[in-house]
Amino acid sequence: MLTRKAKYALKALLVLAKRNTDEPVMIGELAKVAGIPKKFLELILLELRNQGILQSRRGKSGGYLLNIAANKISLGEVVRLIDGPLAPVACLSKTAYRRCDDCVEEGTCGVRLALREAYNASWEIMQRTSIADVLVMMEKTDDESGHGAMFYI
């Protein structure tokens, strides 16, 4: 399950990608549009900037904007940066592998085998789905329903 922090990071990136401009968005405006508490958003944006996904500009017309094209930012990358390892058990983690303390035989562990399939499927989808792809999905949903889909993530 996504943490609130990861969900807010994705929402902020979607707002910035939807703007599709070289003009930075001020934190206050971004917080209002995305429905994210400003103080919490500041921490998230700083983390995304430090990871190179965003850039910031200072001054009166400063704020944040994408540093990488929206079609190059995968959901998996963002979630992993914000939440850390995505695997449901440590023995499946690609970045924080650790054998389970109570494991007798990892290769035949039923829990690991069952969760591996679900993890691999969801990870593949998250890696191949970009922020730009989500915007396209949202536009299709908006066209079909007549309602804005912007913040139903």
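Going residue by residue through region 87-94, is there one that turns out to be modelled with pLDDT of 90 or more and either small (Gly, Ala, Ser) or loosely packed, with under 15 Cβ neighbours inside 10 Å (or both)?
The answer is no; no qualifying residue exists.
What residue, among those in region 103-153 that are of a type in the set (Gly, Ala, Ser) and surrounded by 13 or more Cβ atoms within 10 Å (Cβ to Cβ), is modelled with the lowest pLDDT?
The extreme case among them is Ala149.
In the list Leu46, Leu30, Leu14, which residue meets the criterion of being under 19 Å from Met126 (Cβ atoms) and either in contact with a helix residue (DSSP H, G or I) (Cβ under 7 Å, 6 or more places away or on another chain) or surrounded by 12 or more Cβ atoms within 10 Å (Cβ to Cβ) (or both)?
Leu14
Being part of a loop (DSSP other than H, G, I, E, B) and surrounded by 14 or more Cβ atoms within 10 Å (Cβ to Cβ) is the filter here, so list the residues in region 55-86 that pass it.
Correct list: Asn67, Ile68, Ile73, Pro85, Leu86.
So the check is Cβ under 7 Å with 6+ separation or different chains; which pairs have a first residue in region 82-94 that's free of Cβ contacts under 8 Å to residues at least 12 places away in the same chain and a second one that's charged (D, E, K, R) and assigned to a loop (DSSP other than H, G, I, E, B)?
Close Cβ pairs (under 7 Å, with a partner that is charged (D, E, K, R) and assigned to a loop (DSSP other than H, G, I, E, B)) amount to Ala90/Arg98.
Which condition does Ile73 not pass, out of (1) β-branched (Val, Ile, Thr); (2) modelled with pLDDT of 95 or more; (3) more than 15 Å from the chain's Cα centre (by Cα), if it passes all the others?
Status for Ile73: all satisfied but (3).
Yes or no: region 35-42 includes at least one residue that is under 15 Å from the mean Cα position of the chain (by Cα) and surrounded by 19 or more Cβ atoms within 10 Å (Cβ to Cβ).
yes
Can you say whether Arg80 is at pLDDT below 90 and of a type outside the set (A, V, I, L, M, F, W, C), as far as the supplied structure shows?
Considered against the rule, which asks whether it is at pLDDT below 90 and of a type outside the set (A, V, I, L, M, F, W, C), Arg80 comes out as no.
The values are calculated or read from the model by the stated rules, or taken from the named source; none is laboratory data. Predicted, not measured: the structure shown is a model, and the values here were computed from it. Don't worry about glycine lacking a Cβ; one is built from the backbone with ideal geometry, like all the others, and counts go over all protein chains shown.
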